[in-house]
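Okay, structure first, notes after.
Bear in mind these aren't lab numbers, they're just calculated from the coordinates by the rules spelled out. Remember, predicted model here, so these are calculated numbers, not experimental data. All Cβ positions, glycine included, derive from the backbone under ideal geometry; neighbour counts span all protein chains shown.
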Amino acid sequence: MSLLVLVPERDDYWLSTRYLERFDLGLRAGDALHLAIALNHGARELYSLDAVLVRSAQRLKIKARSPV
């Protein structure tokens, strides 16, 4: 197992604002930024205990699931 820490870049902030404009997703600012970083940096899958985040990711075609 490995961990990679990513520093948000301009494109990540830009994409997160596009996600926040999608009121139907119900995302908070931090969640939108996490999804943008995951997509922009090629994450293979996102894991979260936050059901709203997982559901929103799936609606955005980002592979995500809860680890439990």
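Numbers at a glance
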| read-out | value |
| --- | --- |
| Whole-Å semi-axes of the ellipsoid equivalent to the stretch 1-40 (Cα gyration tensor, √5λ, descending) | 20, 11, 7 |
| Taking all pairs of distinct alpha-carbon atoms in the chain, Kirkwood radius in angstrom | 12.0 |
| Residue order, fewest to most surrounding Cβ atoms within 10 angstrom, among Ser2, Ser16 | Ser2, Ser16 |
| Extension gain from Val52 to Arg28, taking 0.36 nm per residue of separation minus the Cα-Cα distance | 7.7 nm |
| Whole-Hz couplings from phi, Karplus 6.51/-1.76/1.60, listed for the stretch 5-14; x for Gly and Pro | 8, 10, 8, x, 10, 3, 5, 5, 5, 4 |
| The chain: calculated mean residue ellipticity at 222 nm from DSSP helix runs of at least 4, using -39500 (n - 2.57) | -14000 deg cm²/dmol |
| Two-site label geometry, Trp14 and Val68: point separation in nm, points 7 Å out along Cα→Cβ | 3.8 |
| Contour minus Cα-Cα distance for Met1 and Glu21 (0.36 nm per residue) | 3.7 nm |
| Under 15 Å, Cβ to Cβ, from Ala29 - net charge with Lys/Arg +1 and Asp/Glu -1 | -1 |
